[in-house]
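Here the structure is laid out as C-alpha cells; the discussion comes afterwards.
The values are calculated or read from the model by the stated rules, or taken from the named source; none is laboratory data. Please read all numbers here as calculations on a predicted model, not as lab measurements. Don't worry about glycine lacking a Cβ; one is built from the backbone with ideal geometry, like all the others, and counts go over all protein chains shown.
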Amino acid sequence: MIAVKPFFLLSFIIIYQGVFTNIFSQGIAVNMTGSHPDSSAQLDISSNQKGILIPRLTQAERELISKPAKALLIYNISSNCFEVNTGTAETPQWEQIVTLGASLTNDSLWKTGGNNIFSPDMKLGTLNNSGISIVTNNLLRLYVDSAQTRIGINTKNPQSSFHISTTDALILPSGNTQQRPEQPVPGMIRYNKETGKLEGYTSSGWKNLQ
C-alpha cells in the first residue's frame with residue numbers, strides 16, 4: 001500500500017500510470033501524513049483542516065447524467081441537499097439524504113426516525129391548497145381537505161366537517177354524571193353510564209337523547 005499526498009497525487013498518477021492500477025486495487029490514501037489507507041477502504045481521505053467536495057449539480061444538470069450508476073452521489077444545488085441514486089442506471093431513482101438532526105432549508109421531508117418541530121407557530125401541514133392524506137399499508141386512513149375544511153376517515157371525499165366512512169360504529173366519550181365536562185358548550189354529546197342513555201348539552205343544560 002502506498003500513501004499519496006494531495007499535491008503529489010495528480011503527478012503520481014501521470015508519472016507512474018503503470019503502478020496506479022496496482023495501488024487502486026489495494027487502496028489509496030490521500031493525506032498529508034503519509035499514513036496508509038484503512039484496509040477496509042478503497043479510497044481513504046483524511047485531513048484535520050479540510051473536507052471533501054461532492055459534485056454540485058442543478059436539477060436540470062442531474063437529469064442530463066447519462067446512465068447514473070446505482071449509489072451515485074451528488075449535491076443538488078436546486079433543492080440544497082445531498083442525493084443518491086437508489087435505482088438503476090436505466091431507471092434512476094434520486095433520493096434525498098437526511099439525518100435525524102438535519103434542518104433542511106426547504107423543509108421538504110418528514111423523517112421516519114422523528115422530527116424536531118421548531119417553527120415559532122408549531123405548524124404541521126402544507127403551505128398551499130393541497131389536502132393531506134395519511135395512509136397505512138398503502139390505504140387511506142385519514143384525509144384533511146383544504147378546500148372545504150373537512151376531515152374524512154377512510155374517505156378522500158368528506159361530505160361534512162367530519163365524515164367517517166365505515167360500517168361499524170362510533171364510540172362516544174362515556175362516564176358518570178359527575179364526570180361531565182366542567183365547562184360544557186351546546187352541541188356536546190356523551191354516554192352517561194349511570195342512566196344508560198346518550199345525553200347532549202343544550203342551552204337548557206344536559207338532556208337525554210333517548
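Some notes on this structure:
Listed here are the residues, each with its yes/no results for (1) modelled with pLDDT under 95; (2) in contact with a Leu (Cβ under 7 Å, 6 or more places away or on another chain); (3) of a type in the set (Phe, Trp, Tyr).
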residue: VAL98; (1), (2), (3): yes, yes, no
residue: LEU104; (1), (2), (3): yes, no, no
residue: ASP107; (1), (2), (3): yes, no, no
residue: GLY114; (1), (2), (3): yes, yes, no
residue: PRO120; (1), (2), (3): yes, no, no
residue: ILE132; (1), (2), (3): yes, no, no
residue: SER174; (1), (2), (3): no, no, no
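- Checked against (1) part of a loop (DSSP other than H, G, I, E, B); (2) surrounded by 13 or more Cβ atoms within 10 Å (Cβ to Cβ), ILE54 passes all but condition (2).
- The set of residues in the stretch 63-84 being over 22 Å from GLY27 (Cα atoms) and touching a strand residue (DSSP E or B) at 6+ places or on another chain (Cβ under 6 Å) consists of PRO68, ILE74, TYR75, ASN76, ILE77, CYS81, PHE82, GLU83, VAL84.
- Some residue of the stretch 141-151 being aliphatic (A, V, I, L, M), surrounded by fewer than 10 Cβ atoms within 10 Å (Cβ to Cβ) and modelled with pLDDT of 85 or more: yes
- Residue match in the stretch 22-37 (condition: among the aromatic types (Phe, Trp, Tyr), modelled with pLDDT under 90 and surrounded by 14 or more Cβ atoms within 10 Å (Cβ to Cβ)): no
- The lone exception for ILE151 - which of (1) part of a loop (DSSP other than H, G, I, E, B); (2) touching a Leu at 6+ places or on another chain (Cβ under 8 Å); (3) free of Cβ contacts under 8 Å to residues at least 24 places away in the same chain it fails: (1)
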